[in-house]
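Here the structure comes first, spelled out in structure tokens, and everything after it is commentary.
Coordinate-derived values only; no laboratory data. What you are looking at is a predicted structure, and each value in this text was computed from that prediction instead of being measured. Here Cβ is always computed from backbone atoms with ideal geometry, including for glycine, and neighbour counts include all displayed protein chains.
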Ligand SMILES: C[S@@+](CC[C@H](N)C(=O)[O-])C[C@H]1O[C@@H](n2cnc3c(N)ncnc32)[C@H](O)[C@@H]1O
């Protein structure tokens, strides 16, 4: 019975995540048809908006950084059943974003406004490309494991959880963090940048830059030399122009 309930919970957490992800695209792109976006919502004075928005980005960053750490997971799974640990993380991450959407205060002062129609189309193309990279990277790594569905399904079938495995598919051959690179592209690619959007983009980019060393420390711990050597060969967010030195032993191609 518990196993079925875990699947239901995992499925619900996934659906909430996916709806939140779609809303995030509309929020960042200031797209029509949604009640609040980075540039549309309750107006207020600039200083209050700045403090509130910074707090919301901080809340999101703290939730992500703390709950994703191996040390936290070890303590957390004493309370939360292991098969749903990832789903609970996904749910909390979605809630942190929903709070950000609900309480975000726009700061409408323009920072840049591109008017050339060709340039505007190119920028919207980059925006779409960023989200496409984000979504496709989740499938390259393992979409269903990343969002907790694989864990609850394996538990339902009585199968042991899969051990972590180093992977280097497609984008991951170019950069170590394509998903984060996709987010950064999507956050910055706007033809009309306002002060509020700029705060969001700078805050989220700084969060990503702070989070990467923590994530990589866990990945080296979980995947060992494979990830340590990968770090020496492949760029973090930008592809390296120089080839790895001949002293770096090539890894076997595991994911072509
Ligand atoms: C939210 S994803 C982000 C992945 C990566 N930082 C990126 O930007 O593409 C984080 C999870 O992806 C997995 N991961 C990241 N890189 C990996 C790799 N090269 N091989 C296997 N798993 C990886 C780990 O399980 C990690 O906890």
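Values computed for the structure shown
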{"item": "Angle between the chain longest axis and helix 117-141 axis [Cα atoms, degrees, rounded to 10]", "result": "20 degrees"}
{"item": "Between 0 and 90°, nearest 10: helix 178-188 axis offset from the chain longest Cα axis", "result": "10 degrees"}
{"item": "Estimated translational D of region 17-78 in µm²/s (Stokes, Kirkwood radius over Cα pairs; 25 °C; 0.890 mPa s)", "result": "175 µm²/s"}
{"item": "Region 80-160 shape via C-alpha gyration tensor axes, a/c threshold 1.5", "result": "oblate"}
{"item": "Alpha carbon centroid spacing (whole Å) that separates region 125-193 from region 59-119", "result": "15 Å"}
{"item": "Residue-averaged [θ]222 nm for the chain, counting only DSSP H segments that reach four residues, each worth -39500 (n - 2.57)", "result": "-21500 deg cm²/dmol"}
{"item": "Fewest-first sequence of 64, 40 by Cβ atoms within 10 Å of each Cβ", "result": "40, 64"}
{"item": "Cα extents of the chain along the three principal axes, largest first (Å)", "result": "54, 52, 28"}
{"item": "Tensor-based shape of region 1-110 (alpha-carbon gyration tensor, a/c under 1.5 rounded, otherwise prolate or oblate)", "result": "oblate"}
{"item": "Among 182, 125, 58, residue whose mean-square fluctuation peaks in a GNM of the chain (springs only between Cα atoms under 10 Å)", "result": "125"}
{"item": "Cα-based helix-to-principal-axis angle, 46-67 vs the chain, degrees rounded to 10", "result": "10 degrees"}
